[in-house]
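Below is one structure; the comments refer to it alone.
The values are calculated or read from the model by the stated rules, or taken from the named source; none is laboratory data. This one's a predicted model, so the numbers in the text were calculated from it and none came from an experiment. Neighbour counts are summed over all protein chains in view; Cβ atoms, including those assigned to glycine, are modelled from backbone coordinates with ideal geometry. Quick note on the areas: whole protein, heavy atoms, side chains included, nothing else; ligands and nucleic acids left out. Shrake-Rupley method; radii C 1.70, N 1.55, O 1.52, S 1.80 Å.
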Amino acid sequence: MKQYSISPDGEKFQLPEADDYAKEFERLKDSVHEQRELGREIVVVMGVGFVGAVMAAVVADTEDESGNPTKFVIGMQRPSTRSYWKIPLLNRGVPPVEAEDPEVAPMIHRCVNDKKSLIATFTYDALKLADVVVVDVQCDYLKESLGNVRDGRTDMDALEKSLDVIAEHISPETLVLIETTVAPGTTEQVAYPIMRKVFRKRGIEKDPLLAHSFERVMPGKNYVASIRDFWRVCSGINEEATNRVVKFLEEVINTKEYPMTVLDRPIESETAKIVENSFRATILAFLDEWSLFAERNGVDLIKVLEAIRVRPTHSNIIFPGPGIGGYCLPKDGGLGVWAYRHIHGFEDDIFKITPLAIDINDTRALHVAQLTRDALRNMSRPLAAAEILLLGASYREDVGDTRYSGSELVVRRLTEMGAELRVHDPYVQHWWEIEKQDEYPSSTHSLKRFFRSQDKLSDLRVEQDLKQALKGTDAVIFAVRHKHYLDLNPDNVVEMAGGPLAIIDCFGILDDDKIKRYFELGCEVKGLGRGHVKRIKDQVRAEREEMLMALSAKHGTDSVT
Ligand SMILES: NC(=O)c1ccc[n+]([C@@H]2O[C@H](COP(=O)([O-])OP(=O)(O)OC[C@H]3O[C@@H](n4cnc5c(N)ncnc54)[C@H](O)[C@@H]3O)[C@@H](O)[C@H]2O)c1
């Protein structure tokens, strides 16, 4: 039976069949032959997801001093029903990822159609032709319960399978650069033994040339620059591998302006990535308790942080919003904690802060549901059956990436509490974690399983028309600082909603004038870390009473005269 893969735009692509593989390999061999004649190095990027697709283009865009491309890149992707569509799109010069960075689409178009330095394929045979293989497949951390990262495990099936396949196909002289974020120790203690074993079976006595260098990519406005014009850390498993990876990265990354750090061993490069992200997760998590403190003691945490940030040593203190999403921060610390026991064999428990930070971040969004419930209560409206609009599905501002966004938890908790949810996000066409909740991110790992009464969410669609989305709502949750939401005028919001409503600010989106205006319009306002709203509410009430007294005094005087 024919199988198909459907792109996010709805285009249907038939998956390759058995006899397509040999033809595809012939096509690749012809292209590679031509490219070698041009003196270009052949690079296979394995996994053309968020990282691999743009990394492949950055490498393919590399030129010598005369402006000639020096690399020929083959993006390699498994032909699964879920991911195959990325290959035909890339081969047309169309990015297989959503990108707000205006550099992404022209760069991919240029490399595929003008420079002819980038193609994509589904066959592992491409690996036979590679001088360098860059591994950008995922390595997941699967959590078994909500808010307890220790109850989980690293899922490196895709990575292990890739390493096995790579070792089956490559020449012993091929450099294998693992860019995937991995549990520290993986390159030397997981990848090396897997590849060495396959090499020995193939009669290859040489050790695999393995190296690690992690990505610091930020899909968003500076997507390309966050790969090409950014500091790198790398390390090889031996001197030859180290020399090769340094040479490769110096050619493709702007290491002149962003000098590279070469560490002694891959475990150090791997640990650097995990510590870097655990540090960030921790400084976000520790503000959760201060956010609650602020709400309960009349403090506006947003202004407090602005006051602290002027001090240069504290300039990176950041407000956490409704939880910490994205692909990396919720999992990376877990990879480290897991590695200590399962790769390095220790039995004791040295980790306190890293898992706690992740647990706090993973459950912070649930508090938004409480604030929504309380705001509606103050308006004498029940949460059950209330129409609630969530503004922003993605995990951070001005991007369309919804992976592990706090918004998902808000929607799920409010749904189990009986509310009717609507969602608006100008950057997200399909919220797959919700729309395809039974299969995304996998059939057993949707966050759905931590909540009850979730089935109706499969029918939830992301609304693009804000006016339509607002019509008749009882509450609006400002969940993400998308630029579209920063200047929304309270009078317009209330008019579009058709009357006063509850307003929940999760990210310091509303300034005091707006909060005041919402109260004047009869709304109720609450916000994460925004304890001062009560003061503004009291002020509006006092002003209203003063006005009423003045009016009644005026009417009293009028009636006397
Ligand atoms: N997304 C980010 O912002 C970001 C930032 C820094 C680091 N990273 C790290 O980079 C790595 C990749 O992340 P991503 O966001 O690109 O993930 P992704 O899921 O978007 O992409 C991974 C791709 O690899 C493909 N794949 C899996 N197994 C394969 C195989 N055997 N052969 C060929 N292709 C295969 C998948 O189909 C998918 O397209 C992860 O380790 C991640 O932690 C991601």
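Residue 99 passes all but one of (1) in contact with a Ser or Thr (Cβ under 7 Å, 6 or more places away or on another chain); (2) over 28 Å from residue 38 (Cβ atoms); which number fails?
Failing condition for residue 99: (1).
Give 326, 298 a once-over and let me know the one that is open to solvent by less than 10 Å² (accessible area, probe 1.4 Å) and touching a residue at least 24 places away in the same chain (Cβ under 8 Å). Can you show your working first?
Values: 298 fails: open to solvent by less than 10 Å² (accessible area, probe 1.4 Å).
Sole residue among the options that is open to solvent by less than 10 Å² (accessible area, probe 1.4 Å) and touching a residue at least 24 places away in the same chain (Cβ under 8 Å): 326.
Which one of the conditions (1) within 16 Å of the ligand (Cβ to nearest atom); (2) under 25 Å from residue 509 (Cα atoms); (3) outside any loop (DSSP other than H, G, I, E, B) does residue 388 fail to meet, given that it meets all the rest?
(1)
If you scan the stretch 513-529, which residues turn out to be open to solvent by 10 Å² or more (accessible area, probe 1.4 Å) and free of Cβ contacts under 8 Å to residues at least 40 places away in the same chain? Lay out the reasoning, then the answer.
As a first pass, look at the stretch 513-529 and keep what is open to solvent by 10 Å² or more (accessible area, probe 1.4 Å): 513-514, 516-517, 519-522, 524, 526.
Across the stretch 513-529, the qualifying residues are 513, 514, 516, 517, 519, 520, 521, 522.
Considering only residues that are open to solvent by less than 50 Å² (accessible area, probe 1.4 Å), over 27 Å from residue 95 (Cα atoms) and either part of a loop (DSSP other than H, G, I, E, B) or among the basic types (Lys, Arg) (or both), which ones fall in the stretch 236-253?
Taking the stretch 236-253 as the starting set, the residues that turn out to be open to solvent by less than 50 Å² (accessible area, probe 1.4 Å) are 236-237, 241-242, 245-246, 248-249, 252-253.
Now restrict to residues that are over 27 Å from residue 95 (Cα atoms): 236-237, 241-242, 246.
Selection gives 237 alone.
Please identify the pairs in which a residue from the stretch 1-23 that is touching a residue at least 24 places away in the same chain (Cβ under 8 Å) has its Cβ atom under 6 Å from the Cβ atom of a residue that is outside any loop (DSSP other than H, G, I, E, B) and open to solvent by 100 Å² or more (accessible area, probe 1.4 Å), counting only partners at least 6 apart or on another chain.
As it stands, the answer is 4/12; 6/12, since those pairs meet every condition given.
Look through the stretch 71-111, keep the residues that are without any contact (Cβ under 8 Å) to a residue 40 or more places away in the chain and farther than 26 Å from residue 165 by Cα, and return whichever of them is surrounded by the most Cβ atoms within 10 Å (Cβ to Cβ).
Ranking the candidates gives 93 first.
Does any residue of the stretch 530-543 turn out to be in a loop (DSSP other than H, G, I, E, B), open to solvent by less than 80 Å² (accessible area, probe 1.4 Å) and not polar (S, T, N, Q)?
Taking the stretch 530-543 first, the residues in a loop (DSSP other than H, G, I, E, B) are 531-532.
Then drop every residue that is not open to solvent by less than 80 Å² (accessible area, probe 1.4 Å), which leaves 531-532.
Still in the list and also not polar (S, T, N, Q): 531-532.
Within the stretch 530-543, one or more residues are in a loop (DSSP other than H, G, I, E, B), open to solvent by less than 80 Å² (accessible area, probe 1.4 Å) and not polar (S, T, N, Q).
Kindly indicate which of 277, 297, 378, 316 is within 16 Å of the ligand (Cβ to nearest atom) and of a type in the set (S, T, N, Q). Give the derivation first.
On the way: 297 fails: within 16 Å of the ligand (Cβ to nearest atom); 378 fails: within 16 Å of the ligand (Cβ to nearest atom); 316 fails: within 16 Å of the ligand (Cβ to nearest atom).
Result of the check over 277, 297, 378, 316: 277.
Picking from 40, 27, which residue would you name as being over 26 Å from the mean Cα position of the chain (by Cα) and open to solvent by 70 Å² or more (accessible area, probe 1.4 Å)?
Working: 40 fails: open to solvent by 70 Å² or more (accessible area, probe 1.4 Å).
Exactly one of 40, 27 is over 26 Å from the mean Cα position of the chain (by Cα) and open to solvent by 70 Å² or more (accessible area, probe 1.4 Å), namely 27.
If you check 329, 305, which single one turns out to be over 21 Å from the mean Cα position of the chain (by Cα) and either outside any loop (DSSP other than H, G, I, E, B) or closer than 17 Å to residue 276 by Cα (or both)? It would help to see each step written out before you state the result.
Details: 329 fails: over 21 Å from the mean Cα position of the chain (by Cα).
That would be 305, the only listed residue that is over 21 Å from the mean Cα position of the chain (by Cα) and either outside any loop (DSSP other than H, G, I, E, B) or closer than 17 Å to residue 276 by Cα (or both).
Can you find even one residue in the stretch 254-270 that is touching a strand residue (DSSP E or B) at 6+ places or on another chain (Cβ under 6 Å), open to solvent by 20 Å² or more (accessible area, probe 1.4 Å), assigned to a loop (DSSP other than H, G, I, E, B) and not hydroxyl-bearing (Ser, Thr, Tyr)?
Yes, that holds for at least one residue.
Report whether or not residue 32 is at negative phi, of a type outside the set (Lys, Arg) and within 16 Å of the ligand (Cβ to nearest atom).
Working: at negative phi: yes; of a type outside the set (Lys, Arg): yes; within 16 Å of the ligand (Cβ to nearest atom): no.
No: the conditions fail for residue 32.
I need the full set of residues from the stretch 528-548 which are out of contact with any His (no Cβ under 8 Å at 6 or more places or on another chain), of a type in the set (A, V, I, L, M, F, W, C) and at pLDDT 95 or above, in order please. Give the derivation first.
As a first pass, look at the stretch 528-548 and keep what is out of contact with any His (no Cβ under 8 Å at 6 or more places or on another chain): 529-548.
Filter again for of a type in the set (A, V, I, L, M, F, W, C), leaving 533, 536, 540, 542, 547-548.
Within the stretch 528-548, 533, 536, 540, 542 qualify.
With the condition kept exactly as written, say whether any residue in the stretch 59-66 is of a type in the set (Gly, Ala, Ser), crowded, with 23+ Cβ neighbours inside 10 Å and away from the ligand (no atom under 16 Å from the Cβ).
The first filter runs over the stretch 59-66 and keeps only residues of a type in the set (Gly, Ala, Ser), leaving 60, 66.
So of that shortlist, the ones also crowded, with 23+ Cβ neighbours inside 10 Å come out as 60.
After this cut, where a residue has to be away from the ligand (no atom under 16 Å from the Cβ) as well, the list is 60.
Yes, that holds for at least one residue.
Taking the condition closer than 30 Å to residue 432 by Cβ and within 16 Å of the ligand (Cβ to nearest atom), does residue 15 pass?
Numbers: closer than 30 Å to residue 432 by Cβ: yes; within 16 Å of the ligand (Cβ to nearest atom): yes.
Considered against the rule, which asks whether it is closer than 30 Å to residue 432 by Cβ and within 16 Å of the ligand (Cβ to nearest atom), residue 15 comes out as yes.
Which one of 190, 137 is over 30 Å from residue 452 (Cα atoms) and more than 20 Å from the chain's Cα centre (by Cα)? Steps first, answer last, please.
On the way: 137 fails: more than 20 Å from the chain's Cα centre (by Cα).
190 is the lone residue from the list that is over 30 Å from residue 452 (Cα atoms) and more than 20 Å from the chain's Cα centre (by Cα).
Among (1) crowded, with 22+ Cβ neighbours inside 10 Å; (2) in contact with a Lys or Arg (Cβ under 6 Å, 6 or more places away or on another chain); (3) not β-branched (Val, Ile, Thr), there is one condition residue 118 misses while meeting the rest; what is its number?
With respect to (1) crowded, with 22+ Cβ neighbours inside 10 Å; (2) in contact with a Lys or Arg (Cβ under 6 Å, 6 or more places away or on another chain); (3) not β-branched (Val, Ile, Thr), residue 118 is out only on (2).
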